[in-house]
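Presented below is the structure to which this report refers.
Coordinate-derived values only; no laboratory data. Just so we're clear, the structure is a prediction, and the values are computed from it rather than from any experiment. No Cβ is skipped: glycine too gets one built from the backbone with ideal geometry, and neighbour counts run over all protein chains shown.
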Amino acid sequence: MPDRIREQVVLRDRTCVFPWCTRPARRCDIDHVIPHDPDAAAEGRPQPGPTHTDNLAALCRFHHRLKTHSPWRYEMVAPGVFEWTSPHGHRYRRDHTGTRPIDDSGAPDAAPPGPADVLRIPRPRRP
């Protein structure tokens, strides 16, 4: 990924875009919101997850792994605006102003994610 694209994502997102995370974007991975398919071009299919700023987000390593290896899902609904769905169906909107719970009507929901929503991913053991 070109440095200029990474810099655009870092400046737009400012922090990890997972709900309530405050890790600075400069210390985050850059994630494809819609996964990049390395075989698409060779198979003559359009690329479902291009490496463009409108398909990239800053995620700290922990939340990047959580998104990749658990039922947490998200989508970018506008530039820099992300809607997350927890494994239990709770929804959260994350933008430059912070995080707020939402329900199906878009109204605020009452509860932030609890321990049941955040699945723990085992950290690799050191040799």
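Of note:
- ³J(HN,Hα) computed for each position of the stretch 62-77 - Karplus, 6.51 cos²θ - 1.76 cosθ + 1.60, integer Hz, glycine/proline x: 4, 6, 5, 5, 4, 5, 6, 10, 9, x, 4, 9, 8, 9, 8, 9
- Taken along the Cα-to-beta-carbon direction at a fixed 7 Å, the label points for residue 51 and residue 77 span 3.0 nm.
- Under a 5 Å amide H cut-off, with hydrogens placed 1.01 Å from N, residue 23 pairs with 16 among residues at least 5 apart or on other chains.
- Whole-Hz ³J(HN,Hα) from phi, Karplus 6.51 cos²θ - 1.76 cosθ + 1.60, for the stretch 5-11, glycine and proline x: 5, 4, 4, 4, 5, 4, 5
- Where GluC sites (Glu not before Pro) fall in DSSP loop in the stretch 22-95, at most 15 other Cβ within 10 Å: 43
- Interchain or long-range residues, amide H under 5 Å from residue 29's placed H: 59, 60, 61
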